[in-house]
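Q: Below you will find the structure I want to go over with you.
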Amino acid sequence: MSSTITRQIVRIDEELCNGCGLCVSPCAEGAIELIDGKARVVRDELCDGAGFCLGVCPTGALTIEVREAVPFDHAAAEPIIAEKQRTYIPQVCFRCGTDEDHAPLLPVRQQGRSEWVCTRCLPTLIHG
Ligand code: SF4
């Protein structure tokens, strides 16, 4: 068994989670699954703590916490990432709705939210 370290990892508030499942696809590493109608981090070693899933949650159930966990395991995540790339759901820009098949998307954090912005809208976001 791997020893634990103190690191960032996704936290799911079970009270706030409505089981919609929107967070499952954005997690490229497959760390989140729906179990008994609630999202759960099923294997700590698959969550890199990047928080790309946070922006899709409609209820604010997803946050990042710092706690003891096994380190992120690239080798364990790689085959899952490859599999999910074959069945992915494109994310969309929060400003214009363009999806990632039509413009590169970048993650942004603002006012406690994680969102995706396309490279066409990014200059406006930077310069106003
Ligand atoms: S997106 Fe939010 S509400 Fe929906 S399943 Fe995930 S944690 Fe639950």
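Q: Checking residue 17 against (1) of a type in the set (A, V, I, L, M, F, W, C); (2) in contact with a Lys or Arg (Cβ under 7 Å, 6 or more places away or on another chain); (3) under 19 Å from residue 115 (Cβ atoms): exactly one of these is not met. Which one?
A: (3)
Q: Next question. Name every residue in region 15-50 that is surrounded by 13 or more Cβ atoms within 10 Å (Cβ to Cβ), within 12 Å of the ligand (Cβ to nearest atom) and acidic (Asp, Glu), in order of residue number.
A: 33
Q: Is one or more of the residues making up region 48-60 modelled with pLDDT under 95, polar (S, T, N, Q) and over 30 Å from residue 125 (Cα atoms)?
A: No - not one qualifying residue is present in region 48-60.
Q: Looking at region 7-49 only, could you name the residues that are among the small types (Gly, Ala, Ser) and either free of Cβ contacts under 8 Å to residues at least 12 places away in the same chain or over 16 Å from residue 67 (Cβ atoms) (or both)? So that I can check it myself, show each step before the final result.
A: Going through region 7-49, the residues among the small types (Gly, Ala, Ser) turn out to be 19, 21, 25, 28, 30-31, 37, 39, 49.
Those that are among the small types (Gly, Ala, Ser) and either free of Cβ contacts under 8 Å to residues at least 12 places away in the same chain or over 16 Å from residue 67 (Cβ atoms) (or both): 19, 21, 25, 28, 30, 37, 39.
Q: Are there any pairs, at least 6 apart or on different chains, whose C-beta atoms fall under 7 Å, with the first in region 81-97 and closer than 13 Å to residue 29 by Cα and the second surrounded by 15 or more Cβ atoms within 10 Å (Cβ to Cβ), and if so, which?
A: Going by the 7 Å Cβ cut-off, the qualifying pairs are 81/28; 81/29; 84/28; 84/30; 88/25.
Q: Cβ contacts < 6 Å: first residue under 14 Å from residue 11 (Cβ atoms), restricted to region 52-78; second residue among the small types (Gly, Ala, Ser), any location; separation 6+ or different chain. Result?
A: 54/114; 64/51
The values are calculated or read from the model by the stated rules, or taken from the named source; none is laboratory data. Since the structure is predicted, the reported quantities are computational estimates derived from the model, not experimental observations. So basically every Cβ, Gly included, is an ideal-geometry build from the backbone, and we count neighbours across all protein chains shown.
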